[in-house]
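First the structure, in the form of structure tokens, and then the observations on it.
The values are calculated or read from the model by the stated rules, or taken from the named source; none is laboratory data. Because the structure is a prediction, the values reported are computed rather than measured. A quick note on method: Cβ atoms are made from the backbone with ideal geometry, for glycine too, and the neighbour counts reach across all protein chains shown.
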Amino acid sequence: MKTLKDKVAAITGAGSGIGRATAILMASKGCHLALSDVNEAGLAETVEQCRSHGVKVTSQRVDVASRDEMYAWADAVVHDHGLVNIIFNNAGVALGATVEDVQYKDFEWLMNINFWGVVYGSKAFLPHIKTAGEGAIVNVSSVFGLIAVPTQSAYNAAKFAVKGFTEALREEMEIAGTNIGVTCVHPGGIKTNIARDARVTETKGMVDEKSTRDFEKAFITTPEKAAAAVVNGILKNKRRVLIGPDAVVIDAMQRILPTTYQRLLEAGAKYRSKKMGSIGVV
């Protein structure tokens, strides 16, 4: 895809963060938009900002964890816009908990959004994008879809699954000779609300609200820079997009130290646990 002008893009999780920034950037390039989120107030703000660029923007409250809602939305997008070229499966949530302490309801909540939401979005929009004749499917994984991290087993499981699913879909689209690009996006630390809004199951010395806040302080990339990387990936039909210098380092670390990196993370976690204990954090 050489240009976004007069194309139609659907974006989940458009009420804030990367979703909002990508919607605004696409609108500035003449792309018409169909936006969704469960946060209706945030979604309305995004719609207003995008419409200022003179493109057609529709919006709908959609829970990506609901297969029925995703398929109904895909049909509504085509009804409202006539076609759809791009689906950006961006919506996601976070969860901090050890495998031992994580609650099944929280694990399933995350998987339903972060993995099944991507599957539903890809499958619901794929037939419509094929009908359009040209397009892209863009799915958000994470750097935690490249390496495993203690207290992030659920998030790791979902993001590794997104990576495998998306890469297989890319191969299938190329084998079939379609004009549909499929891109897997691996953001590093992005300055969004995802960590702040995460569900946390506290474990002494490993997980608590303070450790989550400290983790958020390490986020260095803005949503606007992330959006620019996503759009560039679409236009250049990239298989993989790494967002942020931390993502580049983590990708390199996994390639160079495919198992040893785990020891480094374990050492860091033990040091952090000891430090938390020394200041009386439980």
For Pro150, the lone unmet condition from (1) modelled with pLDDT of 95 or more; (2) part of a loop (DSSP other than H, G, I, E, B) is (1)
With Val93, Val62, Val57, Val102 as the choices, which residue is touching a strand residue (DSSP E or B) at 6+ places or on another chain (Cβ under 9 Å), over 25 Å from Gly188 (Cβ atoms), surrounded by fewer than 24 Cβ atoms within 10 Å (Cβ to Cβ) and not acidic (Asp, Glu)?
Val57
Out of Gly189, Gly145, Gly177, sole residue that is within 25 Å of Ala227 (Cα to Cα) and either basic (Lys, Arg) or at pLDDT 95 or above (or both):
Gly145
Here the residues within segment 226-238 that are in contact with a helix residue (DSSP H, G or I) (Cβ under 6 Å, 6 or more places away or on another chain) and more than 19 Å from Phe144 (Cβ to Cβ) are Ala227, Val231
Filter result (part of a strand (DSSP E or B) and more than 15 Å from Val8 (Cβ to Cβ)) within segment 34-65:
Asp37, Arg61
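So that you can scan it fast, the table gives a plain yes or no per residue for (1) surrounded by 12 or more Cβ atoms within 10 Å (Cβ to Cβ); (2) part of a helix (DSSP H, G or I); (3) modelled with pLDDT of 65 or more:
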| site | (1), (2), (3) |
| --- | --- |
| Leu169 | yes, yes, yes |
| Val185 | yes, no, yes |
| Gly205 | yes, no, no |
| Thr212 | yes, yes, no |
| Lys225 | yes, yes, yes |
| Val248 | yes, yes, yes |
| Gly277 | yes, yes, no |
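Across segment 8-20, what is the total count of residues that are assigned to a loop (DSSP other than H, G, I, E, B) and either among the hydrophobic types (A, V, I, L, M, F, W, C) or surrounded by 24 or more Cβ atoms within 10 Å (Cβ to Cβ) (or both)?
Our first condition is that a residue be assigned to a loop (DSSP other than H, G, I, E, B); within segment 8-20, this holds for 12-16.
Filter once more, keeping what is either among the hydrophobic types (A, V, I, L, M, F, W, C) or surrounded by 24 or more Cβ atoms within 10 Å (Cβ to Cβ) (or both): 12-15.
The total comes to 4.
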Hey, Gly82 surrounded by fewer than 17 Cβ atoms within 10 Å (Cβ to Cβ), farther than 21 Å from Ser141 by Cβ and in contact (Cβ under 8 Å) with a residue 60 or more places away in the chain or not
yes
